[in-house]
Amino acid sequence: MQLLETTYPFDPREEMPYDEIMAELTKHADESDSRYVKGYVEYYKGSVTQYYKPDDLDASKVYFEKMLEYLPDEFMTVYTSEANAAFNAKEYAAVIEIYEKLLEKNKEYTAAYPAIAEAAFLAGDEEKLASALDRYDENDSLRLSLEMRFALREKDLKKAAAVRARANKMLLPEAEKIFNELLAKQTIEQENRTKLLNYAEFAMWDAAFALVQDDVDEAFRIANDRAFNYVYYCAYLTNDSSVFSQSILNMTTLSASLAKNDEAIGMVAQIGSCDENTQKVIEIFGCITIAGAVVRAFFEHVFLKAFHVPVEDRAYLQHNELFGHVEHEPVHSFAKGFCVCFLPGFIVCLIGAVIALPAALQLFLMGVTPRSIVSGSISAMFYVCAALLIFSLCLFCHAFPTYEDALYLWESRKEANVAARILLFVPMVLMRAGAFLARFGVWQLLAIAAVVVWIIRM
């Protein structure tokens, strides 16, 4: 939706007549020969319809179907948006049907299963609920989280106790083992990181169960010692604060407040503050090098499409660590993952080098100055070369993938053969180190420093 909100001179959140917005959108579509534009116009119509007529799913469904006709490759966007619209309209059977259509086209979209389970639970469809849960192993932490959540909603404490017993027997020993190894080695593999984070999600619901039983101390112990600490150390070792879900922070704060533990409340507040500060740094430095961010995200999007990696959010300029990147599903193939991480940055650097080289030759070798030495008039060549050089620096600042992608690639290297590991070792190390520094705006700081030094010495 961000793309469309910057394309049109109005926003559906403004108080505008529904018919007027539809007329403007239809006019915009008729004036365009692009199927891309027409498809997203229909998508926008569906979104506007949901805003003005939130219970009229049939009205917006027409536009989603048209978008599929215009842009069949964008089925992920269409189906997930349509499913959200159906969920908001409380049409839970429609939600299930839409996600089943999505799974027919993309069987790897595992996020559909908890959504189907949620809709089936709310619809009272026990058969669909059982089918969705059966996609997981009986003692999978994600399945147990769903079962605990549903049991608490039904106020079935007996069922919730049975889920806790299964988790304590099958999941807790492994989670504690992984956590103890994490503390001892000060490192964690991607597979174990996923397991620990999934268990932390279950622990949050387990803490809620303890609160329902009025066992405040037990709720705090579970929320703090398991959910919060597991996520905290995963975030610390991987330098990825995005693993903190708001629900875990809220549950830890609630249980700590009830247990009157000010130290834990302060720790959670500090995490939120750090996250806000990081976000401000990303926004400030992102705006400085926005041109490079857009180019990097564009090529990243191209390669995600080329390798058929599902894209979750097409927005190029998100106000978080995905600024200048495209949010996507994990790339399960090592070869594809390496290409998605490496090639966009390589192309961005190549473009930057092609632009920077002639500009640098003019400025530093041939001595072009702001004013002509002979006539004293303003030199247009100087300002053109300076602009090109600054643009190339913006490109270089966005040469690296997200730290999460770089880390995932590093962990998945075990799938590659020995020759590939040796050959690609240096590029993977550079990408991981570069992505880590990029999270703190180091490359933008170096670019700014280089420009300042050049201006001073000029």
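The values are calculated or read from the model by the stated rules, or taken from the named source; none is laboratory data. What you see is a predicted model; the values in this text were computed from it and never measured. Counting neighbours? That spans all protein chains shown, and the Cβs are built from the backbone with ideal geometry, glycine included.
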Item to check | Options Arg439, Arg421, Arg457: the member that is on the phi < 0 side of the Ramachandran plot, among the basic types (Lys, Arg) and loosely packed, with under 12 Cβ neighbours inside 10 Å | outcome: Arg457
Item to check | segment 159-174: number of residues that are at pLDDT 90 or above and either touching a Leu at 6+ places or on another chain (Cβ under 8 Å) or not assigned by TED's automatic domain parsing to the domain that holds Ser247 (or both) | outcome: 4
Checklist entry - Taking only pairs six or more apart or across chains, which ones have beta-carbon atoms under 9 Å, a first residue in segment 47-72 that is without any contact (Cβ under 8 Å) to a residue 12 or more places away in the chain, and a second residue that is part of a loop (DSSP other than H, G, I, E, B) and among the charged types (D, E, K, R)? => result Ala59/Lys53
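In this structure, does Tyr113 turn out to be in contact with a helix residue (DSSP H, G or I) (Cβ under 7 Å, 6 or more places away or on another chain) and over 23 Å from Val309 (Cα atoms)? Break it down stepwise before answering.
On the way: in contact with a helix residue (DSSP H, G or I) (Cβ under 7 Å, 6 or more places away or on another chain): yes; over 23 Å from Val309 (Cα atoms): no.
No: the conditions fail for Tyr113.
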Checklist outcome for this item: (1) of a type in the set (Phe, Trp, Tyr); (2) free of Cβ contacts under 8 Å to residues at least 60 places away in the same chain; (3) buried (at least 19 other Cβ atoms within 10 Å of the Cβ) all hold for Phe298 apart from (3)
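Does segment 381-401 contain any residue that is surrounded by 14 or more Cβ atoms within 10 Å (Cβ to Cβ), within 22 Å of the chain's Cα centre (by Cα) and in a helix (DSSP H, G or I)?
Yes, segment 381-401 contains at least one residue that is surrounded by 14 or more Cβ atoms within 10 Å (Cβ to Cβ), within 22 Å of the chain's Cα centre (by Cα) and in a helix (DSSP H, G or I).
Modelled with pLDDT of 75 or more and touching a Leu at 6+ places or on another chain (Cβ under 8 Å): does that describe His328?
Working: modelled with pLDDT of 75 or more: yes; touching a Leu at 6+ places or on another chain (Cβ under 8 Å): yes.
Yes: the conditions hold for His328.
In segment 139-183, what residues are part of a loop (DSSP other than H, G, I, E, B) and either under 13 Å from Lys195 (Cα atoms) or in contact with a strand residue (DSSP E or B) (Cβ under 8 Å, 6 or more places away or on another chain) (or both)? Write out each step before concluding.
Narrowing segment 139-183 to residues part of a loop (DSSP other than H, G, I, E, B): 139-140, 154-156, 171.
Scanning segment 139-183 gives Asn139, Asp140, Leu171.
Per-residue answers, yes or no, for (1) part of a helix (DSSP H, G or I); (2) touching a residue at least 12 places away in the same chain (Cβ under 8 Å); (3) among the aliphatic types (A, V, I, L, M); (4) surrounded by 21 or more Cβ atoms within 10 Å (Cβ to Cβ):
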| position | (1), (2), (3), (4) |
| --- | --- |
| Leu317 | no, yes, yes, no |
| Gly324 | no, yes, no, yes |
| Cys341 | yes, yes, no, yes |
| Pro344 | yes, yes, no, yes |
| Val348 | yes, yes, yes, yes |
| Ile351 | yes, yes, yes, no |
| Leu363 | yes, yes, yes, no |
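When you look at Leu122, is it buried (at least 20 other Cβ atoms within 10 Å of the Cβ) and among the aliphatic types (A, V, I, L, M), yes or no? Spell out the reasoning first.
Working: buried (at least 20 other Cβ atoms within 10 Å of the Cβ): no; among the aliphatic types (A, V, I, L, M): yes.
For Leu122, the condition - buried (at least 20 other Cβ atoms within 10 Å of the Cβ) and among the aliphatic types (A, V, I, L, M) - is not met.
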Next on the checklist: List pairs: first residue in segment 156-170 and more than 14 Å from Gln213 (Cβ to Cβ), second residue of a type outside the set (Ser, Thr, Tyr) and not in a helix (DSSP H, G or I) anywhere in the structure, Cβ distance under 9 angstrom, at least six positions apart or on different chains.
Outcome noted: Arg166/Glu138; Arg166/Asn139; Ala167/Asn139; Lys169/Asn139; Met170/Glu138; Met170/Asn139
Item to check | Identity of the residue in segment 91-109, touching a residue at least 24 places away in the same chain (Cβ under 8 Å) and surrounded by fewer than 18 Cβ atoms within 10 Å (Cβ to Cβ), that ends up farthest from His301 (Cα to Cα) | outcome: Ala93
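Could you check segment 37-113 for helices (runs of 4 or more DSSP H) lying wholly inside it with 3 or more residues that are among the charged types (D, E, K, R)? Show your work before the answer.
Working: elements: 57-70, 75-88, 92-105.
Result: 57-70, 92-105.
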Next on the checklist: Which residue is modelled with the highest pLDDT, if the candidates are limited to segment 27-65 and must be of a type in the set (Val, Ile, Thr) and within 21 Å of Met16 (Cα to Cα)?
Outcome noted: Val41
